[in-house]
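Shown next, in structure tokens, is the structure this report addresses.
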Amino acid sequence: MTGTDCFLEKDRFYDLIFSGIGDHWDGNIPAPAILKPRPLWTGKQLLSMILPDISMNPYEKADMTNEKVCIRRGYICTGRFNKKIIGKGVERGLIHRMVFQEGHERTATFMSVIQFIANDWMTQHSFSTGIQDCCITQEVFKKVRQKVYNTMDECNDMHMPENKAAMKLNRVRDVAAKFVLDSLPSTHGMMNMIKAGSKGSNINIAQITAAVGQQMVNGKRIACGNMNRTSAHYHQHSADPIGRGFVCNSYMTGLSPKEFFTRKCFLELFMELFIGILTQIVCFTQIHKVVGSKCNPKCFLLTSTNTLFCLFHTGA
């Protein structure tokens, strides 16, 4: 509603006024932002009608990107309202300032009115995201692939220091995310969800559209095991980034079997098996306390040992 591309017809503008303000409206409306070929009002003008005489960043310079919120004497000049502005518990946000300057009753009235307007707005401007938001153009895709493959070739060196390789592989996902984010339109569903502060982050978009990136275990890349390899899929002393936990594909393009094994088995299955083993040990301890010497510990210890043997037999 506070975007730069949001314009309202006169009838729709009146509908939203009655939905929020209702009988407390004095009958006055601001001059339309656009006069020709027909009068149009902006969402900022609508929200300015329900704001009290309050200022927020009033001396900021004009922000043509509409990212910095500037309110002068109750009029919204620039900026997009999101969770950081009117969210719960935001220090020095709009609600926080309004309570101290206008009191809790006026703040409660504003919160009720803006909620009524938002409810009416969502009946005609429903929000949705779909498979189209997961796709990128071929130009951006080739640009991302080239950057990812060049970084993988550079890090496929067993003599490269571990911290340097991890830093390069972690950074390539951020670079790929920037390529994708710069190409997204303003109507992108996931981007609007992130900007509003409701859910998600730029990393989520990058993993869906560009590359999943480096998977870290305890802050490090997947280390070589006793056989000097991460798994049985790789030879000893292999410096392949995929074998060390790097996933070059995205969720949209699909993970290869090796990447899926890296992503799923090492990070989730390992933890599930480890938790299962701990559960068996705890169960044996509790049963031993109750039953005493009648409990045979071999059945519990044998199961745990076999599970660990099957897990590490792949060469990890």
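The values are calculated or read from the model by the stated rules, or taken from the named source; none is laboratory data. Not measured: the values here are computed from a predicted model. With ideal geometry, Cβ positions are generated from the backbone for all residues, glycine too; neighbour counts draw on all protein chains shown.
From the list 187, 123, pick out the single residue that is under 30 Å from residue 80 (Cβ atoms), assigned to a loop (DSSP other than H, G, I, E, B) and hydroxyl-bearing (Ser, Thr, Tyr).
Of the residues listed, the single one that is under 30 Å from residue 80 (Cβ atoms), assigned to a loop (DSSP other than H, G, I, E, B) and hydroxyl-bearing (Ser, Thr, Tyr) is 187.
May I ask you to list pairs of residues, at least six apart or on different chains, whose Cβ atoms are under 8 Å apart, with the first in segment 228-247 being assigned by TED's automatic domain parsing to the domain that holds residue 259 and the second being crowded, with 23+ Cβ neighbours inside 10 Å and of a type in the set (A, V, I, L, M, F, W, C)?
241/169; 241/248; 242/248; 246/169; 247/211
Which of the residues that make up segment 17-39 are farther than 21 Å from residue 71 by Cα and outside any loop (DSSP other than H, G, I, E, B)?
18, 19, 22, 23, 24
Could you check segment 158-172 and list, in sequence order, the residues that are under 19 Å from residue 216 (Cα atoms) and of a type outside the set (A, V, I, L, M)?
Listed by number, the residues that qualify are 161, 162, 163, 164, 168, 170, 171.
Let's see how each residue does on (1) charged (D, E, K, R); (2) at pLDDT 75 or above; (3) closer than 23 Å to residue 151 by Cα:
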{"site": "200", "(1), (2), (3)": "no, yes, no"}
{"site": "212", "(1), (2), (3)": "no, yes, yes"}
{"site": "227", "(1), (2), (3)": "no, no, no"}
{"site": "234", "(1), (2), (3)": "no, no, yes"}
{"site": "243", "(1), (2), (3)": "no, yes, yes"}
{"site": "253", "(1), (2), (3)": "no, yes, yes"}
{"site": "256", "(1), (2), (3)": "no, yes, yes"}
{"site": "285", "(1), (2), (3)": "no, no, no"}
{"site": "301", "(1), (2), (3)": "no, no, no"}
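Before we move on, is residue 98 more than 26 Å from residue 200 (Cβ to Cβ) and assigned to a helix (DSSP H, G or I)?
Here the answer is yes, as residue 98 does meet what is asked.
Might you let me know whether segment 188-196 holds any residue that is of a type in the set (Lys, Arg), within 25 Å of the chain's Cα centre (by Cα), surrounded by 14 or more Cβ atoms within 10 Å (Cβ to Cβ) and at pLDDT 85 or above? Can you show your working first?
Here is the first cut: in segment 188-196, the residues of a type in the set (Lys, Arg) are 195.
Keeping just the survivors that are within 25 Å of the chain's Cα centre (by Cα) gives 195.
Next, only the ones that are surrounded by 14 or more Cβ atoms within 10 Å (Cβ to Cβ) stay: 195.
Cutting the leftovers down to at pLDDT 85 or above gives us none.
No: zero hits.
Determine whether segment 136-148 contains at least one residue that is at pLDDT below 90 and part of a loop (DSSP other than H, G, I, E, B).
yes
Given 95, 86, which one is within 22 Å of the chain's Cα centre (by Cα), surrounded by 11 or more Cβ atoms within 10 Å (Cβ to Cβ) and of a type in the set (A, V, I, L, M, F, W, C)?
The conditions single out 86.
So which residues in segment 97-123 are more than 13 Å from residue 50 (Cα to Cα) and either touching a strand residue (DSSP E or B) at 6+ places or on another chain (Cβ under 7 Å) or without any contact (Cβ under 8 Å) to a residue 40 or more places away in the chain (or both), if there are any at all?
Result: 97, 99, 100, 103, 104, 105, 122, 123.
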